[in-house]
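The values are calculated or read from the model by the stated rules, or taken from the named source; none is laboratory data. Model, not experiment: these values are computed from the prediction. FYI the Cβ positions are ideal-geometry reconstructions off the backbone, even for glycines, and counts take in every protein chain you see.
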């Protein structure tokens, strides 16, 4: 059975000051400190500040010389970038931190949240599937995500190409048309830069359906369309492949540069 990551003789409490929050971010961003190591250090030393103080000695014991933890300047820069992006930091133990996620043995110590925190309290359902999904699979994903969104579920997506992206897009589209549906927020246990890049790549701009005839000789372009998960239909004709493509202006521009 999974144990709560804070289970110990001295369970760490949520940070009470900005400096404590900064120390937790520094600890998690320090070299060779993953989630498991973070929780172990916090349990053993009682606070992120104390764990940071012993990190060089811990690294030296492991054979790593000249170890330096994440600097306050680097952590403050991440916090400033997140603030500029409209994101807020949720620390494990915060009332807004998702309860189901907090119960995992390897729960992310910190989450960046961009959007409506209230959505984290709603019932959630993850839709995942193949990146190179069939047109039928993509249509089914869009229909399921749209209907589930309208029924009050929060659709969770990792923003991968294929089924994940189709589910996310359909939920967003339904949110734009229906007052009872809320747009999806973004949550990440990594830095905001990686999250914003993923969102931009997967959902960069409004997408529209377009019919495109791809000559038989343009096999590389056709393969790219499938690889990007943009194809909703593909019918051979005398001139080439007549394809139904759902894409954004940015994706169309990338295709035309191939």
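Data for the structure
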{"quantity": "Flag for residue 33 being free of Cβ contacts under 8 Å to residues at least 60 places away in the same chain and in a helix (DSSP H, G or I)", "calculated": "no"}
{"quantity": "Subset of region 55-64 [surrounded by 12 or more Cβ atoms within 10 Å (Cβ to Cβ) and without any contact (Cβ under 8 Å) to a residue 12 or more places away in the chain]", "calculated": "60"}
{"quantity": "Single residue of region 65-91 satisfying the filter (more than 22 Å from residue 113 (Cα to Cα) and surrounded by 13 or more Cβ atoms within 10 Å (Cβ to Cβ)) that is nearest to the chain's Cα centre (by Cα)", "calculated": "69"}
{"quantity": "Meets criteria (under 18 Å from residue 134 (Cα atoms), in contact with a strand residue (DSSP E or B) (Cβ under 7 Å, 6 or more places away or on another chain) and not assigned by TED's automatic domain parsing to the domain that holds residue 169) for residue 239", "calculated": "no"}
{"quantity": "Residue in region 20-43 that is surrounded by fewer than 14 Cβ atoms within 10 Å (Cβ to Cβ) and more than 21 Å from the chain's Cα centre (by Cα) present", "calculated": "yes"}
{"quantity": "Selected residue (criterion: modelled with the highest pLDDT) from residues of region 1-30 that are part of a loop (DSSP other than H, G, I, E, B) and closer than 18 Å to residue 112 by Cβ", "calculated": "30"}
{"quantity": "Leading residue by the ranking (surrounded by the most Cβ atoms within 10 Å (Cβ to Cβ)) among those in region 153-175 that are out of contact with any helix residue (DSSP H, G or I) (no Cβ under 6 Å at 6 or more places or on another chain), in a loop (DSSP other than H, G, I, E, B) and at pLDDT below 85", "calculated": "162"}
{"quantity": "Residue within region 106-120 that is surrounded by 13 or more Cβ atoms within 10 Å (Cβ to Cβ), more than 17 Å from the chain's Cα centre (by Cα), in the same structural domain as residue 29 (by TED's automatic domain parsing) and farther than 29 Å from residue 229 by Cβ present", "calculated": "no"}
